[in-house]
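One structure is given here, and the rest of the page talks about it.
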Amino acid sequence: MKSVAALGIFIVIMGSAIIYSMHQPALADSPEPEEPKCVIFFDPPKPNVNVGETFTVTVLVDDVNNLWGYEIGLKFDRSVLEYVGASTPYWKFVSGKIEYLFWAAGIQSQNGQVELMEFTFQGKSEGSSSLSFYVHKLATLIYHQAPQDYVGWPIPHKVAEAFVTVT
């Protein structure tokens, strides 16, 4: 008797699972994730400079919502470009292969197109170098119950490199 009751319960559970799964969309039918509109980029994207000339590039983020902080790490060819300085980095780390890492947090959210930092370089020798990010994080805050109860959430984004030519 117990085995018949157990078999009946098993049949009801399996039947319910089959009916439920028949009404769920197939994995192939799920939509592709939307590509982020938010982008971090350099301006100008393709500077041409002479050896010994200094130049400035600005790192901007476009189409951002509720930006509270960011972390960016620059990567470039040190034989072609020399780092001169940056506009008010809150934190900087320089070591070996890790070129330059900057972190900043704001006191209010920012939206739209936001200037993150300006960097000054000098053309060191003839050649070309990409300016890219080995780290790129954008963060927002979402308050839960109280102002002290918050979580930093990442902002989905894409990145664009710059390309510098030194003659």
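Tallying residues that are within 16 Å of SER79 (Cβ to Cβ), surrounded by fewer than 18 Cβ atoms within 10 Å (Cβ to Cβ) and of a type in the set (Ser, Thr, Tyr) within segment 120-131 yields 3. Scanning segment 150-165 turns up one or more residues that are modelled with pLDDT of 85 or more and hydroxyl-bearing (Ser, Thr, Tyr).
To keep it simple, each residue is scored yes or no on (1) of a type in the set (Val, Ile, Thr); (2) out of contact with any strand residue (DSSP E or B) (no Cβ under 6 Å at 6 or more places or on another chain); (3) closer than 23 Å to ALA139 by Cβ; (4) modelled with pLDDT under 95.
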{"residue": "ASP43", "(1), (2), (3), (4)": "no, no, yes, no"}
{"residue": "ASN48", "(1), (2), (3), (4)": "no, no, no, no"}
{"residue": "PHE55", "(1), (2), (3), (4)": "no, no, no, no"}
{"residue": "VAL61", "(1), (2), (3), (4)": "yes, no, yes, yes"}
{"residue": "ILE72", "(1), (2), (3), (4)": "yes, no, yes, yes"}
{"residue": "PHE76", "(1), (2), (3), (4)": "no, no, no, yes"}
{"residue": "GLU82", "(1), (2), (3), (4)": "no, no, no, yes"}
{"residue": "PHE93", "(1), (2), (3), (4)": "no, no, yes, yes"}
{"residue": "ALA105", "(1), (2), (3), (4)": "no, no, yes, yes"}
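When SER109 is tested against (1) modelled with pLDDT of 80 or more; (2) buried (at least 17 other Cβ atoms within 10 Å of the Cβ); (3) under 22 Å from HIS157 (Cα atoms), only condition (2) is not met.
The values are calculated or read from the model by the stated rules, or taken from the named source; none is laboratory data. If you're wondering where the values come from, they're calculated on a predicted model, not measured in any experiment. Note: ideal-geometry Cβ built from the backbone for every residue, glycine included; neighbour counts use all protein chains shown.
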